[in-house]
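Enquirer: There's a structure below that I have some questions on.
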Amino acid sequence: MLKKLTFFLMYVFVVVVLYSFVTVSSNFEKNIKGQENHPPVVKIITPANNNSYAWNTPIPYKIKVSDPEDGESEFQEISSNDVFLQVKYLADATKASAELKQGDKSEPTGLTAIKSSNCLNCHAFTGKLIGPSFYDISKRYPNTKLNLDILEKHIREGSSGVWGNVTMPTHTELTKEETREMVTWILENAADPNVSYFRGTEGYFTIKPPVETQQQAAFVVTASYTDHGVKDKPKQNQRGQDVIIIHGK
Ligand code: HEC
């Protein structure tokens, strides 16, 4: 009798222990899932996909971003300055649908590094801000190893007197790899006549007829936003983008 009772009690004990273990671990799992970072949803509100516009006229654009963690761009929870638009010339419009499908194409690491540092407080892609534009920098320095070394050093150690008397502060927090990627991106891409960059959830862009205008020419317009991840896990940042095609007429 006593043996049976002991056995029964042991049985109850084991069931209770197992049950609480399962509950605790599933709650634990839920907690971890709760900290997961979700990708932002980026939408180009205007212009509409496949619209045609006259060359050289300003085309108004508007982008909306929603992110489960960061909030809504409409309510200024997402800074307009963190939203970007890239307009790329495509000589052959028949390739447009292939471009549209590349929705998850990632951004060059150098450009991501520039966006996530403080560079854009002082530099614009085109047009002078506090410092020279990336366009002007890449026009001045051909893409050689020597120039990469010089510019990298100037970013990390600061610079003055090259472009005027305003000083660029030091960036000692950046690694050599990060500054190399940034400078490489600037020298390789910033003066590309086929791509222009815009910052902000709204504004205007212009499509210029390329040198040899083709009937089939189109522009790939990509809006993007990289979120801030979950607190304490900044490396989990996710990028969202929306791509449309615009035609020149
Ligand atoms: C506080 C403003 C400020 C910030 C932030 C800043 N820059 Fe600059 N940058 C300048 C100014 C001003 C100059 C021109 C300095 C000069 O005349 O020597 C400059 C010059 C440069 C040059 C050209 C240097 C040369 O020798 O010709 C590069 C490349 C550059 N910046 C890249 C960057 C990058 C990349 C970042 C972000 C990591 C950055 N800058 C952040 C203000 C800034």
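Enquirer: With point charges of +1 on the Cβ of Lys and Arg and -1 on the Cβ of Asp and Glu, referenced to the Cα centre of the stretch 33-151, which listed residue (114, 83, 151) lies farthest in the positive direction of the dipole?
Expert: 151
Enquirer: While we're on this one: Quick one: which of 145/176; 208/249; 88/128; 88/235; 128/249; 153/176 span more than 20 angstrom between C-alpha atoms?
Expert: Checking Cα-Cα distances, 88/128; 88/235; 128/249 exceed 20 Å.
Enquirer: Going by average Cβ neighbours within 10 Å, how do the peptides 132-140, 159-167 rank, with the highest at the top?
Expert: Highest to lowest by the protection proxy: 132-140, 159-167.
Enquirer: Something else now. First measure r as the distance between the Cβ atoms of residue 79 and residue 204, then evaluate 1/(1 + (r/R0)^6) with R0 = 22 Å and state the FRET efficiency to the nearest 0.05.
Expert: Efficiency, rounded to the nearest 0.05: 0.65.
Enquirer: Once amide H atoms are placed 1.01 Å from N in the peptide plane, what residues at a sequence separation of 5 or more from residue 61, or on another chain, have their amide H within under 5 Å of its amide H?
Expert: 203, 204, 205
Enquirer: Determine the shape class of the stretch 35-248: with a ≥ b ≥ c the square roots of the Cα gyration tensor eigenvalues, call it rounded for a/c under 1.5, and otherwise prolate if a/b is greater than b/c, oblate otherwise.
Expert: Oblate, since a/c reaches 1.5 and b/c is not below a/b.
Enquirer: How big is the charge dipole of the stretch 73-169 about its Cα centre, in debye rounded to the nearest 20, if each Lys and Arg gets +1 on its Cβ and each Asp and Glu gets -1 on its Cβ?
Expert: It comes to approximately 400 debye.
Each value in this text was obtained by applying a stated rule to the coordinates, not by laboratory testing. Bear in mind that the values here come from a model prediction, so they are computed numbers and not experimental data. Neighbour counts run over all protein chains shown; Cβ positions are idealised from the backbone, glycine included.
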